[in-house]
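The structure appears below as structure tokens.
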Amino acid sequence: MQTILEPRTMQAWADATRARGERIALVPTMGALHEGHVALIAEARRRAKRVVVSIFVNPIQFDRRGDFERYPRTLEDDAALCAAAGVDVIFAPSPRAMYPEGFQTAVEVAALTVPLCGKTRPGHFRGVTTVVTKLFHAVRPHLAVFGEKDWQQLAVVRRMAADLDFGIEIVGVPTVREADGLALSSRNRRLTPDDREAARCVPRALDAAAEMAATGETRPAMIVGRVEMEIAASPRARLEYAEVRDPETLEEVDEVAAPALLGIAVWVGEVRLIDNRLLVPTEAERESAHAARGGSRAGIETGAADGPAGSREAERESARAGRRGPGASEARSAAEPREHWTGPRDR
Ligand code: PAJ
């Protein structure tokens, strides 16, 4: 395994690797690596001969200076973890190498960056899309792997890669969780023992919401109300937002008649945690919504109605769709049934 610090050296490596006909997968990270990152690296290794992990705490995506300064930096441990995971190259540029004197260019995705984290973290996604573009240009990967833990980020990067013809496949990986359901995150290291205990309210709230949707509740306000209650029950936690949205467009939904995304951000002590869950309504709710729409929606429901073979294909497709995360519809034909998503396969 080698460590490369300069974008130009990284490009030279990428060109030589591509000239040998080898596929390159990139896993962009900010370091402080954990099992969630390891799952991304494993997926990258399955899909490409060469794996590059970038480690760069990107100053321009932090909206609070303290958060940037306190962000854990554990390069030695990260390198050991990458070596054990079979990574070929760590790309670890300095802030100066990425943003030299006079830097003034940004890449921005429009509507997808407005709701959820976009509302409370102004400029955050512009920082993400700008740095991801620079990482793509340095590493020149065939594919890049992102976690569904940051569902909105995955949707935004997919949109950007499609809109700007990057020719890079964006792969999503389900969220890796602790035994009690808390999503792994580099920021978890900053939780005090009491805060760590309190953070259990996050998966508890998501579980309660998923259960409501699975047992017939379709009203987003009722589901959000339950999330508010679960978080309020934990005095150390404060809900920043809980919203039910379309998993791909991130637009608001009036009812959970098809799989919908519940995104939440919760402050526990000094630490901001984000998580999400795909809410999958009961079959009965889907059918009544289907009937209310006049029984047909541009071929979307054809899978289940096609008899056993169609149903099986629908199931297989739902498993694939569940793995693909937001924005995956671009690769999906009109006949592929969104109604049959099984949801994130993380729990
Ligand atoms: P970072 O928070 O280090 O996350 C790097 C990647 O790991 C992201 O794609 C994120 O979604 C994924 N990830 C984090 N926790 C995960 C978990 N528990 N299970 C599965 N995947 C998980 O996200 C960033 O860095 C930055 O914004 C970046 C994309 C690198 C741009 O700076």
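The values are calculated or read from the model by the stated rules, or taken from the named source; none is laboratory data. Computed from a predicted structure; not experimentally measured. Every residue, glycine as well, gets a Cβ built from its backbone with ideal geometry; the counts of neighbours run over all protein chains shown.
Taking the stretch 70-90 as the search range and keeping residues that are at pLDDT 95 or above and of a type in the set (D, E, K, R), which one is nearest to Ala14 (Cα to Cα)?
Restricting to residues being at pLDDT 95 or above and of a type in the set (D, E, K, R), the top hit is Asp88.
I'm trying to understand the selection: among the residues of the stretch 116-125, which are over 16 Å from the mean Cα position of the chain (by Cα) and either of a type in the set (D, E, K, R) or within 9 Å of the ligand (Cβ to nearest atom) (or both)?
Lys119, Arg121
Considering only the stretch 7-38, state which residues are over 28 Å from Pro174 (Cα atoms) and within 16 Å of the ligand (Cβ to nearest atom).
Pro7, Met10
Find the residue count for the stretch 161-180, including only residues that are over 20 Å from Arg45 (Cα atoms) and under 14 Å from the mean Cα position of the chain (by Cα). Step through it out loud before you land on a result.
Applying the first criterion (over 20 Å from Arg45 (Cα atoms)) to the stretch 161-180 yields 161-166, 177-180.
Right, trim to under 14 Å from the mean Cα position of the chain (by Cα) and you get 177.
Number of matching residues: 1.
Is it the case, given these coordinates, that Ile55 is of a type outside the set (Phe, Trp, Tyr), under 27 Å from Pro122 (Cβ atoms), buried (at least 16 other Cβ atoms within 10 Å of the Cβ) and within 11 Å of the ligand (Cβ to nearest atom)? So that I can check it myself, show each step before the final result.
Working: of a type outside the set (Phe, Trp, Tyr): yes; under 27 Å from Pro122 (Cβ atoms): yes; buried (at least 16 other Cβ atoms within 10 Å of the Cβ): yes; within 11 Å of the ligand (Cβ to nearest atom): yes.
Yes.
Checking the structure you have, find out if any residue of the stretch 77-94 is more than 16 Å from the ligand (Cβ to nearest atom), farther than 22 Å from Gln153 by Cβ and among the charged types (D, E, K, R). Break it down stepwise before answering.
Our first condition is that a residue be more than 16 Å from the ligand (Cβ to nearest atom); within the stretch 77-94, this holds for 80, 83-84, 86, 88.
With the extra rule that they be farther than 22 Å from Gln153 by Cβ, the set shrinks to 80, 83-84, 86, 88.
From what is left, the residues that are among the charged types (D, E, K, R) are 88.
Yes, there is a match, as at least one residue in the stretch 77-94 is more than 16 Å from the ligand (Cβ to nearest atom), farther than 22 Å from Gln153 by Cβ and among the charged types (D, E, K, R).
With Asp254, Asp275 as the choices, which residue is among the charged types (D, E, K, R) and under 21 Å from Thr175 (Cβ atoms)?
Among Asp254, Asp275, only Asp275 is among the charged types (D, E, K, R) and under 21 Å from Thr175 (Cβ atoms).
Pairs under 8 Å by beta carbon, first residue closer than 16 Å to Asp246 by Cα and assigned by TED's automatic domain parsing to the domain that holds Arg277 in the stretch 197-224, partner of a type outside the set (A, V, I, L, M, F, W, C) and assigned to a helix (DSSP H, G or I), six or more apart or different chains?
Between residues of the stretch 197-224 that are closer than 16 Å to Asp246 by Cα and assigned by TED's automatic domain parsing to the domain that holds Arg277 and residues that are of a type outside the set (A, V, I, L, M, F, W, C) and assigned to a helix (DSSP H, G or I), the close pairs are Ala209/Arg226; Thr218/Glu285.
Of everything in the stretch 134-151 that's within 17 Å of the chain's Cα centre (by Cα) and within 19 Å of Trp13 (Cβ to Cβ), which residue is farthest from the ligand (Cβ to nearest atom)?
By that ranking, first place goes to Leu143.
Is it the case that some residue within the stretch 206-224 is under 15 Å from Glu178 (Cα atoms) and either modelled with pLDDT of 95 or more or crowded, with 19+ Cβ neighbours inside 10 Å (or both)?
Yes; the residues of the stretch 206-224 include at least one that is under 15 Å from Glu178 (Cα atoms) and either modelled with pLDDT of 95 or more or crowded, with 19+ Cβ neighbours inside 10 Å (or both).
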